[in-house]
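Data first, discussion second: the structure below is written as structure tokens.
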Amino acid sequence: MKSLSAAFTALSLAFAAATAAAAPVSLSFSNNNIMSDGNDAAVFNDSYDFVLNAQTLLSGIVTTHTPEASGPWVNITSAFIQAASGGAIYALTETQAVNWDADEFGVETWTFSPQWLAAGSWQLHVAGEGYAVKAPEGYDADLSGRSAELPEPAALALVAVALAGLSLSRRRAR
């Protein structure tokens, strides 16, 4: 019975090594210098590079802001994530919109629903127009998630402890 309990403990530790919490991923980007010249909208098309060291379940949000009491006057027209080498586009969805055709203004929010992204180089693209003439406005982009990979030394240490425990339990059983 003791050997069965020890085997179960060793398997539990080995399983813990494979499923232990991985390091969190947190990325922030912003453009706080969007300002119109008063005649035409200030067009922006920003691209931010980032690297994921392992497959990562990533989500995020892009929100417009202003230092003025009214506003912001920033209209994001598209936002997406794409591998730096090209390929599939993972679009952010506008979840809080402003009716620019009716001359409304306010905060826009775009969200990136949790999505597994492979390890490698990626880019966040944000494009739109700014209409403010009194002060620069902008947006903040925050991406966060958890990688699927456990740092190698920790995984090896947990497996080593599991194997040592199994070995000791087998010796005691003899």
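Quick notes on this structure:
- When D142, D46, D103, D40 are compared by accessible area at a 1.4 angstrom probe, the order from most to least is D103, D40, D142, D46.
- Euclidean distance between Cα centres, region 96-116 to region 53-82, Å: 9 Å
The values are calculated or read from the model by the stated rules, or taken from the named source; none is laboratory data. Computed from a predicted model, the values in this text were never measured in an experiment. All accessible areas refer to the heavy atoms of the entire protein, side chains included, with ligands and DNA or RNA removed. Shrake-Rupley method; radii C 1.70, N 1.55, O 1.52, S 1.80 Å.
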